[in-house]
1. Please determine, by comparing only the residues of segment 145-157 that are surrounded by fewer than 16 Cβ atoms within 10 Å (Cβ to Cβ) and touching a Leu at 6+ places or on another chain (Cβ under 8 Å), which one is nearest to Leu47 (Cα to Cα).
2. Do the conditions hold for Leu91, that is, is it open to solvent by less than 60 Å² (accessible area, probe 1.4 Å) and at pLDDT below 95?
3. If you check Gln210 against the conditions, is it within 17 Å of Glu72 (Cα to Cα), polar (S, T, N, Q) and at pLDDT below 95?
4. For segment 18-51, which residues satisfy the criterion of being modelled with pLDDT of 60 or more, crowded, with 16+ Cβ neighbours inside 10 Å and either closer than 22 Å to Ser205 by Cα or under 17 Å from the mean Cα position of the chain (by Cα) (or both)?
5. Restricting attention to segment 105-119, does a residue exist that is touching a strand residue (DSSP E or B) at 6+ places or on another chain (Cβ under 8 Å) and open to solvent by less than 60 Å² (accessible area, probe 1.4 Å)?
6. Could you grab the pairs with beta carbons closer than 8 Å, sequence gap of 6+ or different chains, first residue in segment 82-102 and farther than 18 Å from Ser131 by Cα, second one aromatic (Phe, Trp, Tyr) and at pLDDT 90 or above?
7. Of the residues that sit in segment 174-190 and are in contact with an Asp or Glu (Cβ under 9 Å, 6 or more places away or on another chain) and within 16 Å of Leu74 (Cβ to Cβ), which one is most open to solvent (accessible area, probe 1.4 Å)?
8. Here are some residues: Leu198, Leu171. Which one is touching a Pro at 6+ places or on another chain (Cβ under 8 Å), closer than 23 Å to Tyr62 by Cβ, surrounded by 13 or more Cβ atoms within 10 Å (Cβ to Cβ) and among the aliphatic types (A, V, I, L, M)?
Amino acid sequence: MQVLNSVARTLSLDAAEKAHLYRLADVPTVPTAHAGTTLPEELQVILDHLEPLPGVVLSARYDVLAHNKSYEALCPGFLLGERNVVRRVFLTPQCCNTYHHNWDDLRRMVGYLRGAYGKNLGDPGWEGFISELCSESEIFASLWARNDVAVPVSRTKQVRNLAVGELEMFLTSMSLPSLPHAWMQVYTPTDEVAWAKLGELLAMSELERQRPWVEHREQFHAEVG
């Protein structure tokens, strides 16, 4: 199972493509955290009206459930393959990682996962998800072993986008009563410099935004495609 998951991530397969890969290998598909989840229509409307502020709805496992165009422009790396923020944060090289993390950021992220995991003990999807991360990331494994528990909080993060550089953003986290165990994050630039970079990014065409990422992968990560 872990080998198939690694192949799916390397090839940036989406949910349908990953399911097909499992069928070819005669392995039952592991359900995602949001399998069967129906998102209230108003959530996408809210996200769209937040623009130009980037906004995203995340599951308790950090699966991206919905997002607006500004989020797609700012954090394209989080929308690849399985669209899971934790996997991308811990398994993406720092040179092209969307989050410029410090230890406290990583500790809080894993602490939140630990709290959510406690409500899903015995769930095969959760067990496989945690086991896979522990086996593929020494940092995640060491943080998971601490047994810290946390909740999502509003805080400042350094967001890396290869098209415009780093932006300091204030992340506001909000629970969603209409969608149990999910939450919304909204990114707000902390100063005029970050506002200017966000405006520059949103004014670009999709091709202009994607070109630096493609060139970076070709130059430094060609061996993984």
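1. Ser154
2. yes
3. yes
4. Passing the criteria: Leu47, Leu50.
5. yes
6. As it stands, the answer is Cys96/Trp213; Thr98/Phe78, since those pairs meet every condition given.
7. Checked segment 174-190; the qualifying residue most open to solvent (accessible area, probe 1.4 Å) is Thr190.
8. Leu198
The values are calculated or read from the model by the stated rules, or taken from the named source; none is laboratory data. As the structure is a prediction and not an experimental result, all values here were calculated from the model. Every residue, glycine among them, receives a Cβ derived from its backbone with ideal geometry; neighbour counts consider all protein chains shown. These accessible areas exclude ligands, DNA and RNA; they are computed on the full protein's heavy atoms, side chains included. Shrake-Rupley method; radii C 1.70, N 1.55, O 1.52, S 1.80 Å.
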